[in-house]
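Visitor: Okay, here's the structure, questions in a sec.
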RNA sequence: GUGCCUCUAGCUCAAUUGGCAGAGCGCUGGACUGUGGAUCCAGUGGUUACGGGUUCGAGCCCCGUGAGGCACCCCA
């Protein structure tokens, strides 16, 4: 191994992948925790699936562009495998495998890492986490409305401001392509062009449409349609009228009207969602309503994508099972939460450091620490070699531990301990048998802990 | 996958036309043998991302690789 050192690369992480510090992990876990509680409040149950799937399971589901981003390799047994690209296709495969055990409609949530071989940018990584809720086995627009309602509750629980859900319908997009008078093969470039409306403006879209082979007259008609944006109520009539002779489009509009009706009944605030005919969504498997949740600041764009995919599960099963779901990108959520300090998070889990002044108090601090732990307080003792009060307090300070419990000869003799608040520097003597109750109280009154019961994994 | 920009101490950044690689913060020790975070004093800091080339001489110029950023593509 010694000669390996000569050619050894600097210890770096792979492009687009990263390590997380304790502080970052605590924030990520906090966000995940909040999402999980919202998901469970609606009755979604957790599942997990392997990171690796047979390549064939993933292949052909994401369109030409997506296919190129699949991590693909051959394992030691000669199998063609791929890293999962999202959590939706693995769900479809899961449903096919567990079909007989499932009670439909099946509601599950799934939080975990996915992989895309993209060129990284801010808020865009090669390994990132998705947080999905899906409903399998119903065509009801109630399901589509519910997953969007979950989104709204989740974003509100995370205190994300100004997130807007843009909603469109795959059939409406296709109607747009028909209105543009292009053959199906060209439809994709039409979707691509209109999806850029917000970015390049009407003139830019017109240019792209014409370059894609759309007649100028037809391009105008398309522009007229996607120009109509805003609150569903104000938009529906116009679009209905403009696409009056397209039966498919009318059906799609009926579905969206139903969806928006349920969404309002779910209590979704005005302005939290809009009908946006320019929203495209590239994934091949979408068949019905599609949505994207967009935030303007910070400029990371989409926080998540959603949509109905009634034919995906059928690709793994003889039987066709309709489904719909919504996905949030953990990294992008964390980016927003972090940028605005929406969820203040401690730098360490430790709530108390129990310190000994001298060697003689060592066993006593271990007893105190165990007592705190037994009562649900996250406590630690300093594990360094030397018993050195200064060093121990310095350790607590650097780690951001908010309290120290000091035990010295005086305390031991008097049957007390010293409880020191390391943020304010105040300290008090507390009877040894009251330390747990007092520490709990101080943790609450200083705001380190919420007043209510602790939440989380416990 | 394409194009452009960036990479100097643990961190943030300096370094004249190519001419001895620096500062602040941090870190270590002390002032302070039962008190961290403040202050003062001293000390510690580098294969200039990695590999090669040009040159008497490269942090600086050239090529390759890696990573980060921006735009495109696409998306969470």
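Visitor: Translational diffusion coefficient of chain A at 4 °C, 1.567 mPa s, Stokes-Einstein with Kirkwood Rh over Cα pairs, in µm²/s as a whole number.
Guide: Value of D from the Cα-based Kirkwood radius: 51 µm²/s.
Visitor: Still on this model: How far is helix A:141-157 tilted off the main Cα axis of chain A, in degrees rounded to 10, range 0 to 90?
Guide: So the inclination is approximately 40 degrees.
Visitor: In addition: To test your reading of the geometry: what angle, between 0 and 90 degrees and rounded to tens, separates the Cα axis of helix A:184-195 from the longest principal axis of chain A?
Guide: The answer is roughly 50 degrees.
Visitor: Additional query: If you restrict to DSSP beta bridges whose two residues both lie in the range A:271-399, what percentage is antiparallel, to the nearest 5?
Guide: Antiparallel: roughly 80 percent of the beta bridges in the range A:271-399.
Visitor: May I have the convex hull volume per residue, in Å³, for the Cα set of the range A:25-65?
Guide: With only Cα atoms used, the range A:25-65 gives 143 Å³ per residue.
Visitor: Then there's this: Suppose each label sits 7 Å from its Cα in the direction of the beta carbon; what would the residue A:196-residue A:121 distance come out to in nanometres?
Guide: 1.3
Visitor: Next question, about the same structure. Could you tell me how many degrees, from 0 to 90 and to the nearest 10, lie between the Cα long axis of helix A:435-445 and the main elongation axis, the longest principal axis, of the Cα atoms of chain A?
Guide: 40
Visitor: How compact is the range A:141-300 by the rule of thumb for globular proteins, expressed as Cα Rg over 2.2 N^0.38 Å?
Guide: Normalised Rg, Cα atoms only: 1.03.
Visitor: Just subtract the alpha-carbon distance of residue A:156 and residue A:139 from 0.36 nm times their residue separation and send over the number in nm, one decimal.
Guide: Details: separation 17, 0.36 × 17 = 6.12 nm, distance 2.72 nm.
Stretched fully, the residue A:156-residue A:139 segment lengthens by 3.4 nm.
Visitor: Let me ask another. Before anything else, pin down the relative contact order of chain A: Cα pairs under 8 Å, at least 6 apart, normalised by residue count, whole percent.
Guide: With pairs under 8 Å counted, the relative contact order is 15 percent.
Visitor: What whole-number value in cubic angstrom gives the convex hull volume per residue for the C-alpha atoms of the range A:352-445?
Guide: 88
Visitor: Additional query: Report the label-to-label distance for residue A:221 and residue A:374 in nanometres (one decimal), using points 7 Å from each Cα along the Cα→Cβ vector.
Guide: 8.0
Visitor: What nm distance separates the two modelled labels at residue A:345 and residue A:33, each placed 7 Å from Cα along Cα→Cβ?
Guide: Roughly 1.0 nm, to one decimal.
Visitor: I would also like to ask the following. Between the range A:274-324 and the range A:207-231, what is the C-alpha centre distance in whole Å?
Guide: 22
Visitor: Same structure again: Can you compute the FRET efficiency between residue A:237 and residue A:440 using 1/(1 + (r/R0)^6), with r the Cβ-Cβ distance and R0 = 60 Å? Round to the nearest 0.05.
Guide: On the way: r = 60 Å, r/R0 = 1.00.
After rounding to 0.05, the efficiency reads 0.50.
Visitor: Subtract the Cα-Cα distance of residue A:69 and residue A:203 from 0.36 nm times their separation in residues, and report this length gain in nm to one decimal.
Guide: 45.2 nm
Visitor: Hey, can you rank A:394-403, A:328-337 by average C-beta count inside 10 Å, highest first?
Guide: A:328-337, A:394-403
Visitor: Give the calculated FRET efficiency between residue A:398 and residue A:244 to the nearest 0.05, with a Förster radius of 60 Å applied to their Cβ-Cβ distance. Please list the in-between numbers first.
Guide: Working: r = 69 Å, r/R0 = 1.16.
It comes out at approximately 0.30.
Visitor: Same structure, new question: Using packing as a proxy for protection, rank A:193-202, A:384-393 so that the peptide with the highest average count of other Cβ atoms within 10 Å comes first.
Guide: Per-residue mean Cβ counts within 10 Å order the peptides as A:193-202, A:384-393.
Visitor: Moving on. Pop out the Kirkwood hydrodynamic radius of the range A:190-232 from its pairwise C-alpha distances, inverse of mean 1/r, in Å to one decimal.
Guide: It works out to 10.3 Å.
Bear in mind these aren't lab numbers, they're just calculated from the coordinates by the rules spelled out. As the structure is a computational prediction, the values presented were derived from the model and not from experiment. Quick reminder, even Gly has a Cβ in these numbers, built from the backbone with ideal geometry, and neighbours come from all protein chains shown.
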